[in-house]
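In what follows, a structure is listed as structure tokens, so that the remarks can point back to it.
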């Protein structure tokens with residue numbers, strides 16, 4: 001007979017879980033493994049709410065297993081390390097993203113493309129090596145192999161750094177891998193949400209010229225003034241879009257709702273790349289003439305490697321780049337998810353786990 | 001008042017043209033320009049029948065300017081060369097492909113990528129630098145700026161080499177650009193027609209493992225035994241498709257009709273690349289999820305520049321690669337087009353212009 005979540009492992013743990021697709025989360029007792037010789041145990045201080053959390057809670061991809069403890073933008077403080085751990089020590093600030101484990105021996109793992117390992121284990125809603133389910137960062141502590149942990153530099157505020165562990169790496173990886181984040185390049189960022197606003201900052205710091213592409217003219221001042229973008233395009237404005245045709249080396253498309261990609265392909269120069277990091281459910285139409293006549297490409301990207309994540313967070317700390325966040329107490333999470341669904345957040349909710357989770361224990 | 005096609009230029013020319021979206025071709029009198037200092041006049045011997053010819057004759061893409069003389073896989077002999085032409089002399093075997101002009105000044109032109117020039121002039125159904133319409137290779141002769149004329153290698157057969165001028169470069173260019181030249185990598189070729197069969201041959205010459213992906217098994221034996229493919233995958237066989245999931249580094253998608261991309265994307269490894277070179281008349285659906293979780297790429301490619309086209313011809317000559325063709329007479333072109341629409345050709349029709357085009 002299957003063990004209860006509380007009994008699966010030797011160490012008691014506590015968090016908030018959703019038991020169904022409703023989007024309603026509540027206190028949840030479960031357990032985690034002992035700290036193994038290669039493991040790092042850290043107490044969770046903050047956890048960002050990623051749009052993917054919402055997708056999985058609602059079973060949008062048809063892959064959800066309940067009860068589910070979401071959360072993969074996790075930062076905290078190390079409380080215990082295994083005997084073979086060299087990366088961090090007790091008291092260090094650390095972070096963890098969406099990757100909990102991988103095979104360690106395939107071509108993707110060897111090249112730090114661990115996000116694409118066919119045996120990837122996700123931080124939540126995944127199946128661990130021992131067959132038990134993984135539970136994410138809406139909880140009091142995490143235990144993970146040191147290979148999947150990054151150090152968070154001292155000079156970066158922990159709460160505002162949390163979203164970098166998913167939103168940050170998700171846009172950083174394609175900026176670097178496809179050569180879009182460098183001086184001389186002009187890139188477009190579609191969508192100004194959790195991913196989009198971090199993408200603007202990182203791309204500017206990497207030296208690219210950045211144009212934000214959005215459906216709402218109301219975000220213009222924010223994009224140019226607050227985030228530092230070079231220009232702003234309203235995607236519904238046909239004249240503006242026409243004037244910008246053939247001007248971009250690449251576009252990072254962060255929009256998670258269904259939208260046409262044909263106008264975005266037209267913005268690309270010859271050999272230009274449209275990189276999609278959002279996950280709209282309905283497949284868009286792919287117009288072939290514009291794709292062929294400019295040797296353009298549409299590419300997907302998902303997270304990034306762990307070395308890459310460390311490089312990104314070190315870069316962000318050096319350039320004082322963090323996310324714009326709204327810190328919330330644990331018991332606000334269901335409301336936060338409702339607001340996230342409506343895009344009502346500038347730009348990421350971060351749960352103050354360290355100060356508010358314990359009080360919710362029944 | 002606009003001049004008639006016959007009166008536009010000083011040299012009388014004769015070919016076959018389509019006059020309306022029925023796509024039916026029939027004899028057509030027109031004219032070609034004087035051979036200028038940069039020009040080469042080509043007496044046309046053979047012209048391949050590309051699926052683009054059919055798309056254009058029937059206005060399937062919506063921009064045909066009738067009457068249209070199709071044909072952009074042209075092989076012939078130089079009969080006149082302009083004063084500034086040094087690359088060619090009278091009597092040389094030459095080829096003309098999909099383009100006959102470009103601006104020569106923009107960044108793509110400067111990078112030998114004339115095919116991506118925003119002002120490119122296509123061999124037919126296009127407006128030339130002089131403002132007149134271009135007419136293609138289903139005709140007796142053509143006058144072309146030397147920059148857009150290819151040297152036709154001696155050891156390539158003139159008739160079977162003609163399809164390389166479009167089909168050949170169309171698959172060769174993305175194979176080079178996307179790195180499909182590393183021996184040992186696995187290439188899938190979707191669709192086994194004019195483009196597909198040449199992709200198999202070139203892929204094997206690059207040292208790749210090649211799997212043909214097709215909707216039916218009827219071409220299987222030929223693909224393996226005659227074309228040299230390593231394996232053959234039928235998309236309607238779920239067990240075989242499942243076994244092949246995540247095994248291909250690249251796919252060249254040559255299918256000219258609307259088709260689902262999801263099954264093809266599932267065949268790619270992580271970081272795999274699907275390059276589409278066919279031009280169905282309607283957009284395809286792009287499944288996003290497999291792209292995102294696999295960092296997969298769907299890219300387009302459109303023929304190649306002149307330098308690369310010459311490189312491709314020389315490569316094919318070196319490796320004895322030519323198309324598998326069915327030679328037809330000019331007057332059989334309409335029947336050939338009907339058969340092409342049903343993919344009933346192994347694998348390219350080539351018109352024996354030199355021996356069958358008569359007024």
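The values are calculated or read from the model by the stated rules, or taken from the named source; none is laboratory data. What you are looking at is a predicted structure, and each value in this text was computed from that prediction instead of being measured. Positions of Cβ are generated from backbone atoms using ideal geometry, with glycine treated the same way; all protein chains shown enter the neighbour counts.
Applying the condition of being under 22 Å from residue B:291 (Cα atoms) and over 22 Å from the mean Cα position of the chain (by Cα) to the stretch B:201-235 and asking which residue is surrounded by the most Cβ atoms within 10 Å (Cβ to Cβ) yields B:233. Of the residues making up the stretch B:282-302, not a single one is more than 14 Å from chain A (Cβ to nearest Cβ) and buried (at least 18 other Cβ atoms within 10 Å of the Cβ).
Take the conditions in contact with a helix residue (DSSP H, G or I) (Cβ under 6 Å, 6 or more places away or on another chain), modelled with pLDDT of 95 or more and surrounded by 21 or more Cβ atoms within 10 Å (Cβ to Cβ) and apply them to residue A:300. Does it pass? Considered against the rule, which asks whether it is in contact with a helix residue (DSSP H, G or I) (Cβ under 6 Å, 6 or more places away or on another chain), modelled with pLDDT of 95 or more and surrounded by 21 or more Cβ atoms within 10 Å (Cβ to Cβ), residue A:300 comes out as yes. Among residues of the stretch A:305-343 being in contact with a helix residue (DSSP H, G or I) (Cβ under 7 Å, 6 or more places away or on another chain) and in a loop (DSSP other than H, G, I, E, B), the one that is surrounded by the fewest Cβ atoms within 10 Å (Cβ to Cβ) is A:319. Taken over the stretch A:282-297, residues that are farther than 27 Å from residue B:169 by Cβ and either within 8 Å of chain B (Cβ to nearest Cβ) or over 28 Å from the mean Cα position of the chain (by Cα) (or both) amount to 3. Every condition in (1) part of a helix (DSSP H, G or I); (2) out of contact with any helix residue (DSSP H, G or I) (no Cβ under 6 Å at 6 or more places or on another chain); (3) surrounded by 20 or more Cβ atoms within 10 Å (Cβ to Cβ) holds for residue B:309 except the one numbered (2). Residue B:163 - would you say it is under 17 Å from residue B:309 (Cβ atoms) and either surrounded by fewer than 24 Cβ atoms within 10 Å (Cβ to Cβ) or modelled with pLDDT of 95 or more (or both)? In short, yes. If you check B:256, B:173 for being in a helix (DSSP H, G or I), within 14 Å of another protein chain (Cβ to nearest Cβ) and under 29 Å from residue A:293 (Cβ atoms), only one passes: B:173. Close Cβ contacts (under 6 Å, 6 or more residues apart or on different chains) running from residues in the stretch B:227-246 that are within 14 Å of chain A (Cβ to nearest Cβ) to residues that are in a helix (DSSP H, G or I) and modelled with pLDDT of 95 or more comprise B:245/B:266. Within the stretch B:85-107, the set of residues being buried (at least 19 other Cβ atoms within 10 Å of the Cβ) and free of Cβ contacts under 8 Å to residues at least 60 places away in the same chain comprises B:94, B:100, B:101, B:102. Only residues that are free of Cβ contacts under 8 Å to residues at least 60 places away in the same chain and either away from every other protein chain (no Cβ under 12 Å) or not in a loop (DSSP other than H, G, I, E, B) (or both) were counted in the stretch B:110-129, giving 9. Where strands (runs of 3 or more DSSP E) sit wholly within the stretch A:140-227, those with at least 1 residues that are farther than 30 Å from residue A:38 by Cβ and modelled with pLDDT of 95 or more occupy A:186-190, A:209-214.
When you check residue A:346 against the structure, is it in contact with a helix residue (DSSP H, G or I) (Cβ under 9 Å, 6 or more places away or on another chain), assigned to a loop (DSSP other than H, G, I, E, B) and on the phi > 0 side of the Ramachandran plot, yes or no? Considered against the rule, which asks whether it is in contact with a helix residue (DSSP H, G or I) (Cβ under 9 Å, 6 or more places away or on another chain), assigned to a loop (DSSP other than H, G, I, E, B) and on the phi > 0 side of the Ramachandran plot, residue A:346 comes out as no. Count of the stretch A:228-250 residues, restricted to those that are under 23 Å from residue A:167 (Cα atoms) and within 14 Å of chain B (Cβ to nearest Cβ), is 2. The set of residues in the stretch A:93-109 that are surrounded by fewer than 18 Cβ atoms within 10 Å (Cβ to Cβ) and either more than 14 Å from every other protein chain (Cβ to nearest Cβ) or closer than 13 Å to residue A:147 by Cα (or both) comprises A:103, A:104, A:105.
Criterion applied to B:71, B:95 was being in a loop (DSSP other than H, G, I, E, B), closer than 23 Å to residue B:35 by Cβ and under 16 Å from the mean Cα position of the chain (by Cα), and the one residue passing it is B:71.
Conditions (1) closer than 20 Å to residue A:267 by Cβ; (2) buried (at least 22 other Cβ atoms within 10 Å of the Cβ), marked per residue:
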position	(1), (2)
A:168	no, yes
A:173	no, yes
A:176	no, no
A:180	yes, yes
A:187	yes, yes
A:190	yes, yes
A:209	yes, no
A:214	yes, yes
A:220	yes, no
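Selection of the stretch B:130-169 for residues being touching a helix residue (DSSP H, G or I) at 6+ places or on another chain (Cβ under 9 Å) and assigned to a strand (DSSP E or B) yields B:139, B:149, B:150, B:151.
Conditions (1) surrounded by 15 or more Cβ atoms within 10 Å (Cβ to Cβ); (2) in the same structural domain as residue A:70 (by TED's automatic domain parsing); (3) over 24 Å from residue A:59 (Cβ atoms), marked per residue:
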| site | (1), (2), (3) |
| --- | --- |
| A:11 | no, yes, yes |
| A:17 | yes, yes, no |
| A:22 | no, yes, no |
| A:28 | yes, yes, no |
| A:41 | yes, yes, yes |
| A:46 | yes, yes, yes |
